[in-house]
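The block underneath contains the structure these notes are about, expressed in structure tokens.
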Amino acid sequence: MKNKEIRCFTEPMTLETRDDGTASLVGYAAVFNSSSVEMGFIESFTESIVPGAFTRTLKENQDVRALLDHQTGMIIARTKNGTLSLSEDDVGLRVSITPVPTDDGKKAVEWVRSGLVDAMSFGFETVSDKWSVRSGKQHRELLDPLS
């Protein structure tokens, strides 16, 4: 991604274990209508994601990858092989990851199981956004982030 941005949210992630012993990481990679903390180096701004922001990405059935610590060489699941599922609901972008049983996949499960990691994040490239002023500060609404 040319202008890759990363955002993290505090919605809790859960670990679900199935009868066959496989584990899934379930949570939200993005939440709607929640203003971020102030960001920016030169000029500060806040940001939120509008409901429906991921509609195009989901409709196009893009091959999205779940990465450990946003490292492109550490793929733990992806939509193409069915180990990653994505959906939008009233809260945001809901994610269910069944990590592949590689060292990285096992590490991700253990990090969540032990409480070291308790939230998800997502990387994106902005396709469409809208800027405005809220409470005297710049505010960006993400309308269509390309995941």
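The values are calculated or read from the model by the stated rules, or taken from the named source; none is laboratory data. Just so it is clear, the structure is predicted and the values come from calculations on it, not from any experiment. Note that each Cβ is placed from the backbone with ideal geometry, even for glycine, and that neighbours are counted across all protein chains shown. For accessibility, only protein heavy atoms count, side chains too; no ligands or nucleic acids. Shrake-Rupley method; radii C 1.70, N 1.55, O 1.52, S 1.80 Å.
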*asked:* Kindly evaluate Val95 against the criterion of being in a strand (DSSP E or B), open to solvent by 60 Å² or more (accessible area, probe 1.4 Å) and touching a strand residue (DSSP E or B) at 6+ places or on another chain (Cβ under 6 Å).
replied: no
_Regarding the range 65-77, can at least one residue be identified that is touching a helix residue (DSSP H, G or I) at 6+ places or on another chain (Cβ under 6 Å), in a loop (DSSP other than H, G, I, E, B) and among the hydrophobic types (A, V, I, L, M, F, W, C)?_
yes
*asked:* Where the second residue is β-branched (Val, Ile, Thr) and the first is without any contact (Cβ under 8 Å) to a residue 24 or more places away in the chain and lies in the range 37-64, which pairs have Cβ atoms under 7 Å and are six or more apart or on separate chains?
replied: Asp63/Thr79
_Among (1) open to solvent by less than 80 Å² (accessible area, probe 1.4 Å); (2) without any contact (Cβ under 8 Å) to a residue 40 or more places away in the chain - the single one Thr17 does not satisfy_ = (1)
*Filter the range 65-78 for residues that are open to solvent by 40 Å² or more (accessible area, probe 1.4 Å) and touching a residue at least 24 places away in the same chain (Cβ under 8 Å); which is nearest to Leu25 (Cα to Cα)?*
Leu67
_Could you go through the range 43-54 and let me know if any residue there is exposed (fewer than 12 other Cβ atoms within 10 Å of the Cβ), among the charged types (D, E, K, R) and either in contact with a strand residue (DSSP E or B) (Cβ under 6 Å, 6 or more places away or on another chain) or not in a loop (DSSP other than H, G, I, E, B) (or both)._
no
*Which one of these is open to solvent by 60 Å² or more (accessible area, probe 1.4 Å) and modelled with pLDDT of 95 or more: Asn81, Asn33, Asn3, Asn61?*
Asn81
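Within the range 101-118, work out how many residues are out of contact with any Phe, Trp or Tyr (no Cβ under 6 Å at 6 or more places or on another chain) and either open to solvent by less than 40 Å² (accessible area, probe 1.4 Å) or in contact (Cβ under 8 Å) with a residue 60 or more places away in the chain (or both). Walk me through it before giving the result.
From the range 101-118, those out of contact with any Phe, Trp or Tyr (no Cβ under 6 Å at 6 or more places or on another chain) are 101-116, 118; that's our starting set.
From what is left, the residues that are either open to solvent by less than 40 Å² (accessible area, probe 1.4 Å) or in contact (Cβ under 8 Å) with a residue 60 or more places away in the chain (or both) are 104-105, 108-109, 112-113, 118.
Counting residues in the range 101-118 that are out of contact with any Phe, Trp or Tyr (no Cβ under 6 Å at 6 or more places or on another chain) and either open to solvent by less than 40 Å² (accessible area, probe 1.4 Å) or in contact (Cβ under 8 Å) with a residue 60 or more places away in the chain (or both) gives 7.
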